[in-house]
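Laboratory data are not the source of any read-out in this text; all were calculated from the coordinates shown. Everything quoted here is computed from the prediction, not taken from an experiment. Positions of Cβ are backbone-derived with ideal geometry, glycine not excepted, and every protein chain shown enters the neighbour counts.
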Amino acid sequence: MLDTISPTPQQWDEFVIHQPRSHVLQRAPWGILKSEFGWSVTRIALADEATLVAGAQILLKDLPFRFGKMAYLPMGPYAYSDEQLDLLWEAIDAQLKQEGVAFLKWEPGIFEGGVPHLDRWGFRETSHTVQPPNTILLDISHSEEDILANMSQNTRRKVRLSERKGIRYYHGTLDDIEVFTHLMNTTGERNEFGVHDTHYYRRAYELFSADHTATLIMAEHEGTPLAGVMAFHQNHTAWYLYGASSNEKRNLMASYGVQWEAIKWAKQHGCDVYDLWGIPDEVETSLEAQFQDRSDGLWGVYGFKRGFGGEIVRSAGAWDKVYKPLIYTAYRVAMQFRA
């Protein structure tokens, strides 16, 4: 007999870090981070006595006009068997309905061969995503020379150039977060995407650097900050979630050098995969046909990321489970109007 419980953050993290598909967005620190910036977090798990066997960390946000809440489940849930997963979905549905949730948005992440049993669980596919569905995965299990050899000739040249130009690369601290945020704002303006404020990046760093699963790598030249990368790792995967560069001294190629430092950091922590996290949601032929002519949104970073090699991979996308059809319909209309 399995019990439905609300695990503590410590219990939840101990369970998550041992999952084969363990993901940083299911870690307890991520839930804490989001709970300080407009969301609330609930963790629903099944336990066999004191041992967790299935669970999910779910974020909740109030909808406008007191229409209830939306729920968001990224990169989970986890279970050791299909039977446990079925029971977990029943527990999730019961709790979310009790909390007045209008619909659950689920982004399962990357699954080889697709996500099983979607029809059985009552989800419908949606084009409205929270995380970018497309990414580039680098195989970093080989030697540094092999990783460099798999880069485009132009990117490899820029990485090498960045190593010869007197740039200082270092692992930053909380004292560097304000400078990093300034670089993020510069990058967001240049590539037309939104960024967070200083407090957000500070808390992300505080929460994940506490157990050394995050780093902030900075690059500066003669006192001028040039670039920064905040990367995270869990088990054998690292994620490049935030990266920024200055408009100054771009000829020194610091953005390439700092990315290379992050890849080496991931290797040092036993990672086999480096996830470049977020490119336009297009097929590869369209990406290659358009990237030189577009710089809006994720197009502005695709040209940079593609040069590091790797494989373009699409996640399972976004799926919605509807509890309150009228509110969900109004939400979809609002999303179409915003688009």
Diffing the stretch 51-64: the Karplus 3J(HN,Hα) column from phi (6.51, -1.76, 1.60, θ = phi - 60°), in whole Hz with x for Gly and Pro, holds 9, 6, 10, 6, x, 8, 9, 10, 9, 10, 9, 5, 7, x
For the chain, longest principal axis from Cα atoms; helix 254-268 axis from its Cα atoms; angle between them, nearest 10 degrees, is 60
Computed over the stretch 134-314, the relative contact order (Cα-Cα under 8 Å, seq sep at least six) in percent reads 36
The local net charge around THR51, scoring Lys/Arg +1 and Asp/Glu -1 for residues other than THR51 whose Cβ lies under 13 Å from its Cβ, equals -4
Gyration tensor (Cα only) of the stretch 134-314 to equivalent ellipsoid, semi-axes in Å sorted down, yields 22, 19, 18
Here the stretch 282-297 yields Karplus 3J(HN,Hα) values (6.51, -1.76, 1.60; θ = phi - 60°; whole Hz; Gly and Pro given as x) of 9, 5, 4, 5, 5, 4, 6, 6, 10, 5, 6, 9, 10, 9, 6, x
Percent relative contact order for the chain, counting Cα pairs under 8 Å at least six residues apart, stands at 22
What the 20 Å binned alpha carbon P(r) of the chain shows, as percent of pairs per bin from 0, is 29, 57, 14, 0
In degrees, nearest 10, the alpha-carbon axis of helix 325-338 is tilted away from the dominant principal axis of the alpha carbons of the chain by 20
Rounded to the angstrom and largest first, Cα extents along the principal axes for the stretch 88-151 equal 55, 21, 19
Whole-Hz Karplus couplings 3J(HN,Hα) for the stretch 127-141, θ = phi - 60° and coefficients 6.51, -1.76, 1.60, Gly and Pro as x, run 8, 7, 10, 9, 9, x, x, 9, 8, 10, 9, 9, 7, 10, 7
Net charge (Lys, Arg +1; Asp, Glu -1) of residues whose beta-carbon lies under 14 Å from that of GLY100, GLY100 excluded, is +2
So the angle from the long Cα axis of helix 198-209 to the longest Cα principal axis of the chain, reported in degrees to the nearest 10, equals 80
Other residues with Cβ under 14 Å from the Cβ of THR8 give, with Lys and Arg +1 and Asp and Glu -1, a net charge of 0
